[in-house]
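Some notes on the structure that comes next.
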Amino acid sequence: MLLEATYMLMKAILRMTPGTDTTIDTFRHFNRFHTKLVGALDDHLLDTGFTLVQARLIYELEHDDNLSASDLSGRLELDRGYLSRLITALEKAGAIEKQADPKNAKRQVLGLTALGKKGYRDLVRATEARIGTLVSPLSQSDQKTLCKAMTTFESLLAHDGRRSKQAPMIVLRDLEIGDIGHLISRHGITYNEAFGWDGSFEVVVAEILAKFRKASDPKRERAWIADVDGEVVGSVFVVEESEKVARLRLLFVEPSMRGHGLGSRLVEECIRFARASGYEALTLWTIEVLTSARKIYEAAGFEIDSEELLPSFGQELINQSWTLKL
């Protein structure tokens with residue numbers, strides 16, 4: 001009954017957003033799959049003699065030697081009464097022990113006994129063996145996809161301040177097989193979600209990329225793909241407009257990667273390449289509503305040549321031409 005009530009509450013809260021029924025059903029299906037996969041409902045995790053929650057307690061105590069019951073309750077978001085029963089059971093099993101905090105005699109901290117440390121090592125070995133069994137049928141590519149999916153899942157749902165504030169390690173690389181299709185898809189989806197642009201924008205992107213792939217001159221034209229752990233998070237292209245003028249095309253940064261200076265970095269690479277290739281000017285076309293991109297262009301020294309209200313991508317949009325004298 002509690003699960004059904006929670007489900008109905010989630011549906012009521014999230015009904016304001018499109019597609020939430022599908023989201024909730026997907027969550028429920030994933031939760032059922034995952035709890036079975038990890039043995040969350042088993043009496044003993046991986047035949048170790050510990051339940052899943054006990055195994056988590058042992059893990060925390062192995063990696064932090066100054067935890068009290070109160071600390072564990074907050075860290076694991078467990079009811080104190082329930083946690084007390086778990087601790088008592090592990091004490092009786094000889095896996096953990098209590099002792100006074102050397103810095104505060106009134107505070108008791110928990111620690112693993114020799115038997116508890118052996119239990120931790122058994123858990124590690126059993127977990128590694130289980131993971132090995134699960135992923136061994138997968139190709140290296142599928143394993144990489146799986147790891148990326150798990151990282152994304154955790155990152156998107158970590159609403160308690162655990163999202164990393166550290167700038168990601170971004171690698172700029174050349175165009176590779178598969179990038180063209182990916183970029184067409186991401187441009188179409190991203191700009192449709194953000195601005196409501198229709199499929200004609202996706203067609204324009206496809207035509208630009210197809211032309212680049214068919215006949216680009218590496219001495220005069222270049223692509224940069226921004227990559228984080230094998231995932232494409234941005235891109236930009238420089239193509240030849242004329243003997244003296246190059247054109248910057250399709251600057252794109254994934255919404256999740258904005259705020260890290262990637263857009264400016266990509267534009268700087270274009271300017272550097274255009275100068276080194278002997279061009280006298282770098283031009284570009286953009287839409288007035290793309291304010292973030294326009295700020296990048298302006299900061300890099302581009303100036304507006306012209307603008308015109310035109311039917312574009314299912315809307316009436318102000319098209320702009322910008323140029324940077326090199």
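Yes/no matrix, rows are residues, columns are (1) open to solvent by 60 Å² or more (accessible area, probe 1.4 Å); (2) in contact with a Lys or Arg (Cβ under 9 Å, 6 or more places away or on another chain); (3) at pLDDT below 85:
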| site | (1), (2), (3) |
| --- | --- |
| Leu9 | yes, no, yes |
| Leu14 | yes, no, yes |
| Gly19 | no, no, yes |
| Val38 | no, yes, yes |
| Leu46 | no, yes, yes |
| Gln99 | yes, no, yes |
| Lys103 | yes, no, yes |
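Taken together, the residues in the range 307-321 that are outside any strand (DSSP E or B) and loosely packed, with under 15 Cβ neighbours inside 10 Å amount to 1. Of note, Val228 does not satisfy the criterion of being touching a Gly at 6+ places or on another chain (Cβ under 8 Å) and surrounded by 14 or more Cβ atoms within 10 Å (Cβ to Cβ).
So which of Val236, Val228 ends up being among the β-branched types (Val, Ile, Thr), touching a strand residue (DSSP E or B) at 6+ places or on another chain (Cβ under 7 Å) and within 20 Å of Ser185 (Cα to Cα)? Walk me through how you get there before you give the answer.
Numbers: Val228 fails: touching a strand residue (DSSP E or B) at 6+ places or on another chain (Cβ under 7 Å).
That would be Val236, the only listed residue that is among the β-branched types (Val, Ile, Thr), touching a strand residue (DSSP E or B) at 6+ places or on another chain (Cβ under 7 Å) and within 20 Å of Ser185 (Cα to Cα).
The set of residues from the range 292-306 being of a type outside the set (S, T, N, Q) and either under 31 Å from the mean Cα position of the chain (by Cα) or surrounded by 18 or more Cβ atoms within 10 Å (Cβ to Cβ) (or both) comprises Ala293, Arg294, Lys295, Ile296, Tyr297, Glu298, Ala299, Ala300, Phe302. Any idea which of Tyr82, Tyr120 is assigned to a helix (DSSP H, G or I), hydroxyl-bearing (Ser, Thr, Tyr) and in contact with a helix residue (DSSP H, G or I) (Cβ under 6 Å, 6 or more places away or on another chain)? Tyr120 is the lone residue from the list that is assigned to a helix (DSSP H, G or I), hydroxyl-bearing (Ser, Thr, Tyr) and in contact with a helix residue (DSSP H, G or I) (Cβ under 6 Å, 6 or more places away or on another chain).
Identify, please: which residue in the range 215-225 is touching a helix residue (DSSP H, G or I) at 6+ places or on another chain (Cβ under 9 Å) and not basic (Lys, Arg) and is, among those, nearest to Tyr191 (Cα to Cα)?
The extreme case among them is Ile225.
Among the candidates Pro255, Pro218, the residue that is under 27 Å from Ile304 (Cα atoms) and surrounded by fewer than 17 Cβ atoms within 10 Å (Cβ to Cβ) is uniquely Pro255. Summed over the range 274-291, the residues that are farther than 19 Å from Phe313 by Cα and surrounded by 12 or more Cβ atoms within 10 Å (Cβ to Cβ) give a count of 9.
Hey, could you check the range 174-209 for residues that are among the aliphatic types (A, V, I, L, M) and open to solvent by less than 40 Å² (accessible area, probe 1.4 Å) and say which is nearest to Arg258 (Cα to Cα)? Reasoning before the result, please.
At the first step, the residues of the range 174-209 found to be among the aliphatic types (A, V, I, L, M) are 175, 177, 180, 183-184, 189, 194, 203-206, 208-209.
From what is left, the residues that are open to solvent by less than 40 Å² (accessible area, probe 1.4 Å) are 175, 180, 183-184, 205-206, 208-209.
On the way: Leu175: 21, Ile180: 21, Leu183: 17, Ile184: 19, Val205: 21, Ala206: 23, Ile208: 24, Leu209: 23 Å.
By that ranking, first place goes to Leu183.
Among the residues of the range 136-168, the ones that are modelled with pLDDT of 70 or more, in a loop (DSSP other than H, G, I, E, B) and polar (S, T, N, Q) come to 2 in all.
Comparison of Val233, Val238, Val171 shows that the only residue that is buried (at least 19 other Cβ atoms within 10 Å of the Cβ) and modelled with pLDDT under 95 is Val233.
The values are calculated or read from the model by the stated rules, or taken from the named source; none is laboratory data. What you are looking at is a predicted structure, and each value in this text was computed from that prediction instead of being measured. Here the Cβ is made from the backbone with ideal geometry for all residues, glycine too, and neighbour counts use every protein chain on show. Please note that ligands, DNA and RNA were not included when accessible areas were found on the heavy atoms of the full protein model with its side chains. Shrake-Rupley method; radii C 1.70, N 1.55, O 1.52, S 1.80 Å.
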